[in-house]
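Undergrad: Here it is: the structure, laid out below.
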Amino acid sequence: MDIFCKIINKEIPSDPVYEDENYIVINDLYPKAPIHMLIIPKKHIESISSLDDSDSDIVWWMFTLARDLAKERSIDWYQLKFNVWEKWWQVIFHLHLHFLAN
Ligand SMILES: [Zn+2]
């Protein structure tokens with residue numbers, strides 16, 4: 001089981017930035033920017049490349065969450081990023097959206 005599923009199942013303690021029944025947002029343990037959050041759906045999906053059409057709502061809500069997190073924090077400029085597979089630094093094979101800001 002990947003580390004995000006363990007966090008979602010509370011097998012590993014975490015201090016979520018946000019959590020609801022379908023999503024959890026945590027701070028990246030190895031931040032690449034002063035603000036570096038990971039927006040993670042609780043449904044286990046390995047990667048963008050393994051999404052199927054029925055997952056479109058999940059991805060839509062990931063972006064909506066990113067927008068709302070930015071608004072709540074008055075962050076106007078930020079980067080949203082998916083890494084897809086090892087060669088592009090996907091380290092954990094559970095879908096997650098990087099939210100980076102200064
Ligand atoms: Zn998982």
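The values are calculated or read from the model by the stated rules, or taken from the named source; none is laboratory data. Since we're looking at a predicted model, the values are computed, not measured. Cβ sites come from the backbone with ideal geometry, for glycine too, and all protein chains shown count toward neighbours.
Undergrad: Can Glu86 be described as more than 21 Å from Asp20 (Cα to Cα), charged (D, E, K, R) and out of contact with any strand residue (DSSP E or B) (no Cβ under 9 Å at 6 or more places or on another chain)?
TA: yes
Undergrad: Within the stretch 1-45, count every residue that is in contact with a Lys or Arg (Cβ under 7 Å, 6 or more places away or on another chain) and of a type in the set (A, V, I, L, M, F, W, C). Walk me through how you get there before you give the answer.
TA: Here is the first cut: in the stretch 1-45, the ones in contact with a Lys or Arg (Cβ under 7 Å, 6 or more places away or on another chain) are 8, 12, 22-24.
Adding the requirement that they be of a type in the set (A, V, I, L, M, F, W, C) leaves 8, 12, 24.
Residues that pass the stated criteria total 3.
Undergrad: Moving to a separate point now. So which residues in the stretch 14-24 are assigned to a loop (DSSP other than H, G, I, E, B) and under 23 Å from Phe63 (Cβ atoms)? I'd like the intermediate steps shown before the answer.
TA: We begin by selecting, within the stretch 14-24, every residue assigned to a loop (DSSP other than H, G, I, E, B); these are 14-17, 20-22.
Matches in the stretch 14-24: Ser14, Pro16, Val17, Asp20, Glu21, Asn22.
Undergrad: As an exercise: evaluate Ile48 against (1) over 10 Å from the mean Cα position of the chain (by Cα); (2) free of Cβ contacts under 8 Å to residues at least 60 places away in the same chain; (3) over 21 Å from Met1 (Cα atoms) and give the number of the one condition it does not meet.
TA: Evaluating Ile48 over (1) over 10 Å from the mean Cα position of the chain (by Cα); (2) free of Cβ contacts under 8 Å to residues at least 60 places away in the same chain; (3) over 21 Å from Met1 (Cα atoms) leaves (3) as the failure.
Undergrad: Right, next: Looking at the stretch 74-81, can you tell me whether even one residue there is within 11 Å of Leu38 (Cα to Cα) and surrounded by 12 or more Cβ atoms within 10 Å (Cβ to Cβ)?
TA: Scanning the stretch 74-81, I find at least one residue that is within 11 Å of Leu38 (Cα to Cα) and surrounded by 12 or more Cβ atoms within 10 Å (Cβ to Cβ), so the answer is yes.
Listed here are the residues, each with its yes/no results for (1) over 14 Å from the mean Cα position of the chain (by Cα); (2) outside any helix (DSSP H, G or I); (3) more than 14 Å from the ligand (Cβ to nearest atom); (4) free of Cβ contacts under 8 Å to residues at least 60 places away in the same chain.
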residue: Ile12; (1), (2), (3), (4): yes, yes, no, yes
residue: Ile26; (1), (2), (3), (4): no, yes, no, yes
residue: Leu29; (1), (2), (3), (4): no, yes, yes, yes
residue: Met37; (1), (2), (3), (4): no, yes, yes, no
residue: Lys43; (1), (2), (3), (4): no, yes, no, yes
residue: Ser54; (1), (2), (3), (4): yes, no, yes, yes
residue: Val59; (1), (2), (3), (4): no, no, yes, yes
residue: Met62; (1), (2), (3), (4): no, no, yes, yes
residue: Arg67; (1), (2), (3), (4): no, no, yes, yes
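Undergrad: Let me ask you something else. Please state which one of Ala33, Ala101, Ala66 is surrounded by 15 or more Cβ atoms within 10 Å (Cβ to Cβ) and out of contact with any helix residue (DSSP H, G or I) (no Cβ under 9 Å at 6 or more places or on another chain).
TA: Ala66
Undergrad: Something else now. Answer yes if at least one residue in the stretch 88-97 is more than 16 Å from the ligand (Cβ to nearest atom) and either assigned to a helix (DSSP H, G or I) or farther than 22 Å from Met1 by Cβ (or both), and no otherwise.
TA: yes
Undergrad: Name the residue, out of Ser74, Ser47, Ser14, that is small (Gly, Ala, Ser) and at pLDDT 95 or above.
TA: Unique residue meeting the criteria: Ser74.
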